[in-house]
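Reviewing the structure listed below.
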Amino acid sequence: MESTVVSSTKFNAWFGTNHVVKDVNIDITKNHVIAVMGPSGCGKTTYLRCINRMHELIPGATCEGKMMLNNEDVYEMHPIFVRLKIGMVFQRPNPFPNLSIYDNVIAGYKLNGIKMDKAEKDKIVEQSLSRAALWKEVKDSLHKKGTFLSGGQQQRLCIARAIAMEPEVLLLDEPTSALDPISTSSVEELLHELKKNYTIIIVTHNMQQAARVSDKTAFFYMGELVEFDNTKQMFTNPRDIRTQNYITGRFS
């Protein structure tokens, strides 16, 4: 039986009076990659940011409805705890510029005042970089700045930083849009490995990417969740005419 990790019920979000996410109901199962796609301004990134309570950091942003993580209401948890359990990787690689590769990986522990001895830190750094498929490339350069890496390596470093905290869910907001095709391919390959340990939700404007990396796809349009289904089913036989029009390029 597949277990639900993240679910939302009648979930809505606003920027001031602008209603950007409308009555979204969704159940996301453990160890799956879920792609969230739709045209620009359809609410997909806002919805993603609501999952780990980053939406509320924007002045005037509000939301209502239920957002659950393992049957606990995310909006009744402490926001720091939520973001430890639900890691996030952004559109552009953003390693901390003044920190080494090593310190970037364990930054979450330092920021949260979690004390560890060197052996524990070393283990977390190696394990996280290995899971992000970066260890072999950087193991001899751990004390160089993270910004010394290529764009694709920087994004994998950001993934390593997110998974170092052992989250249950990993949110990725168009993580390859600033990368070249080779780096994009390496990040996509990585997602197949990561889903063994994490549930992954990836916002993408690239339909081919959604088809390549995801088990299920959610299609958003004008703030509504129009359709949510197995990716293959959605791309070959969508149920809603709006999904079909988007996939076939009748609107973008």
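Annotations for the structure displayed:
- Filtered by the rule that a residue be surrounded by fewer than 16 Cβ atoms within 10 Å (Cβ to Cβ) and either charged (D, E, K, R) or outside any helix (DSSP H, G or I) (or both), the range 182-204 gives Glu189, Glu193, Lys196, Asn197.
- Criterion violated by Met165 - all others in (1) open to solvent by 60 Å² or more (accessible area, probe 1.4 Å); (2) touching a strand residue (DSSP E or B) at 6+ places or on another chain (Cβ under 7 Å) satisfied: (1)
- Given (1) open to solvent by less than 50 Å² (accessible area, probe 1.4 Å); (2) in a helix (DSSP H, G or I); (3) polar (S, T, N, Q), number of the condition Thr176 does not satisfy: (2)
- Number of residues in the range 70-103 that are under 22 Å from Gln155 (Cα atoms) and either more than 18 Å from the chain's Cα centre (by Cα) or of a type in the set (D, E, K, R) (or both): the value is 11.
- Among residues of the range 205-222, those that are open to solvent by 40 Å² or more (accessible area, probe 1.4 Å) and either out of contact with any strand residue (DSSP E or B) (no Cβ under 9 Å at 6 or more places or on another chain) or more than 19 Å from Ser7 (Cβ to Cβ) (or both), counted: 8
- Flag for Leu179 being under 19 Å from the mean Cα position of the chain (by Cα), modelled with pLDDT of 95 or more and not small (Gly, Ala, Ser): no
- Considering Pro95, Pro59, the condition of being part of a loop (DSSP other than H, G, I, E, B) and open to solvent by 70 Å² or more (accessible area, probe 1.4 Å) is satisfied by Pro59 alone.
- Contact map, the range 27-45: residues that are over 12 Å from Leu172 (Cβ atoms) paired with residues that are assigned to a helix (DSSP H, G or I) and open to solvent by 10 Å² or more (accessible area, probe 1.4 Å), Cβ distance under 6 Å, separation 6+ or inter-chain. Pairs shown: Gly38/Lys44.
- Subset of the range 18-53 that is assigned to a loop (DSSP other than H, G, I, E, B), touching a strand residue (DSSP E or B) at 6+ places or on another chain (Cβ under 7 Å) and more than 21 Å from Asn206 (Cβ to Cβ) - its residue that is most open to solvent (accessible area, probe 1.4 Å): Lys30
- Of all residues making up the range 8-17, the number that are over 19 Å from Val226 (Cβ atoms) and open to solvent by 70 Å² or more (accessible area, probe 1.4 Å): 2
- Within the range 223-252, tally of residues that are surrounded by fewer than 18 Cβ atoms within 10 Å (Cβ to Cβ) and out of contact with any strand residue (DSSP E or B) (no Cβ under 8 Å at 6 or more places or on another chain): 12
The values are calculated or read from the model by the stated rules, or taken from the named source; none is laboratory data. For clarity, every value in this text was computed on a predicted model and none was experimentally measured. Using ideal geometry, Cβ is built from the backbone for each residue, glycine included, and neighbour counts are taken over all protein chains shown. Heads up: the accessible areas ignore ligands, DNA and RNA and are worked out on the full protein's heavy atoms, side chains in. Shrake-Rupley method; radii C 1.70, N 1.55, O 1.52, S 1.80 Å.
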